[in-house]
1. Looking at (1) open to solvent by 70 Å² or more (accessible area, probe 1.4 Å); (2) at pLDDT below 95; (3) out of contact with any His (no Cβ under 6 Å at 6 or more places or on another chain); (4) aliphatic (A, V, I, L, M), which is the one condition that is false for Val86?
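The values are calculated or read from the model by the stated rules, or taken from the named source; none is laboratory data. Just so it is clear, the model here is predicted, and its values are computed rather than measured. FYI the Cβ positions are ideal-geometry reconstructions off the backbone, even for glycines, and counts take in every protein chain you see. Keep in mind that these areas ignore ligands, DNA and RNA; they rest on the heavy atoms of the full protein, side chains included. Shrake-Rupley method; radii C 1.70, N 1.55, O 1.52, S 1.80 Å.
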Amino acid sequence: MYAAPSLGEESPFDVRDELPLLTPPALVLAGRHDFICGPRWAALLHERLDDAELAVLEEAGHLVHLEQPARFDASVLAFLRAQGVVREPRNS
């Protein structure tokens, strides 16, 4: 989304203004304690993407999928189910 410039250099790219052009449903996941790309940036993505869902995992940092794997998996699975990509298993 945004590359931080090296000292004294211009930013190599900033595509934030192009985010509204992305139209598929999106899940924006962030760890509450992520100091690299945390809730602030997740909120920006969520606001600028037309069809996005935001999930902030409270007890995680930058590596949400490793720090909170069960909650990460549950968030992704719930999103995919809501999109009709994954169905509930049938009872046998």
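1. With respect to (1) open to solvent by 70 Å² or more (accessible area, probe 1.4 Å); (2) at pLDDT below 95; (3) out of contact with any His (no Cβ under 6 Å at 6 or more places or on another chain); (4) aliphatic (A, V, I, L, M), Val86 is out only on (1).
Residue by residue, here is whether (1) in a helix (DSSP H, G or I); (2) within 11 Å of the chain's Cα centre (by Cα); (3) of a type in the set (S, T, N, Q) holds:
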position	(1), (2), (3)
Leu19	yes, no, no
Pro24	no, no, no
Val28	no, yes, no
His46	yes, yes, no
Val56	no, yes, no
His65	yes, no, no
Asp73	yes, no, no
Leu77	yes, no, no
Leu80	yes, no, no
